[in-house]
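Undergrad: Pasting a structure here, questions to come.
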Amino acid sequence: MAKRKIIKIDREKCDGCGLCIPECPEGALLMIDGKARLVSDLFCDGLGACLGHCPKGAITIEEREAEPYDERKVMENIVKQGKNTIKAHLEHLKEHGETEFLEEAKEYLKEKKIDIPLESKGPEPCGCPGAKMRDLRDTDADVEDSSEEKKSELRQWTVQLHLVPPNAPFFQDADLLIAADCVAFADPNFHKNLLKGKFIAIGCPKLDNIQAYKEKIEAIISMNNLKSITVTIMEVPCCLGLYSMTEQALEESGKKIPLKKIIIGIDGQSKQNRVINGNKLEFKDISHD
């Protein structure tokens, strides 16, 4: 038996920000019950790509004796974490085509007289609800018939967070909108309700380099006298990182800038509006007319 490196998550320190999730290319991490979890040793290479993205220092690398992979040993740890983690692990094996290990896991549960959680009919790739295929067509929905041409509220170019210069003159004394890429496609009122009167930076916290994002956001905040910051994200877990890094960058800057979070559902409706101004928090539900 040889030693190998594997990440370890301190559940007490983890605040569920989700920044580590998109940085694990093997899909070994999932958000379960509001905490990041390593659901399978099988897909953890121990390289620690997620380490630099945990603001709480909850992720470390430990070196322990381990066979190349032993499903039964993994299950011994999995079952201690509860039904949700067991279910996530089984689906994880199924999604990656590890049929042999999946059968071993089920056999272990049977031997221990532990119920096998029902598997979803449509498994989500890498356990991520944001990647699950959904058909949103509604055959009974009214089709909007209007000859009125909509006006674009875009006031700048470029808009990509990676490309926009932090010292761009339009950011000075501006209301800044930081938006996840998918929001503009999901929200039919994006220009009217979210973009109007603001300058924007967009990005995808799942597919792009979020460390570079955080550094760019920090630079924009430090170089400009922003009036407000609005972060609009999709309701999927991987989007949370965009808001978390903005909140952290603002906190580290020491500036008191109103920060608002707007969550857009897959159906295009706003789920929640969270306003932060200094230490005052206000929660309210909002919807688009």
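Undergrad: Looking at (1) over 21 Å from residue 15 (Cα atoms); (2) at pLDDT 80 or above; (3) of a type in the set (S, T, N, Q), which is the only condition residue 77 fails?
TA: Answer for residue 77: the failing condition is (2).
Undergrad: Filter segment 178-232 down to the residues that are of a type outside the set (D, E, K, R) and part of a loop (DSSP other than H, G, I, E, B) and list them by number.
TA: Those that are of a type outside the set (D, E, K, R) and part of a loop (DSSP other than H, G, I, E, B): 182, 188, 189, 197, 204, 205, 207, 209, 224, 225, 226.
Undergrad: Hey, another quick one. Does any residue in segment 216-233 that is closer than 13 Å to residue 198 by Cα come within less than 7 Å, Cβ to Cβ, of a residue that is among the β-branched types (Val, Ile, Thr) and part of a loop (DSSP other than H, G, I, E, B) six or more places away or on a different chain, and which pairs are these?
TA: Taking only residues 6 or more apart or on different chains, the pairs are 226/257; 228/257; 229/257.
The values are calculated or read from the model by the stated rules, or taken from the named source; none is laboratory data. Values in this document were obtained by computation on a predicted structure and should not be read as measured data. Please note: Cβ atoms are built from the backbone with ideal geometry, for glycine as well, and neighbour counts cover all protein chains shown.
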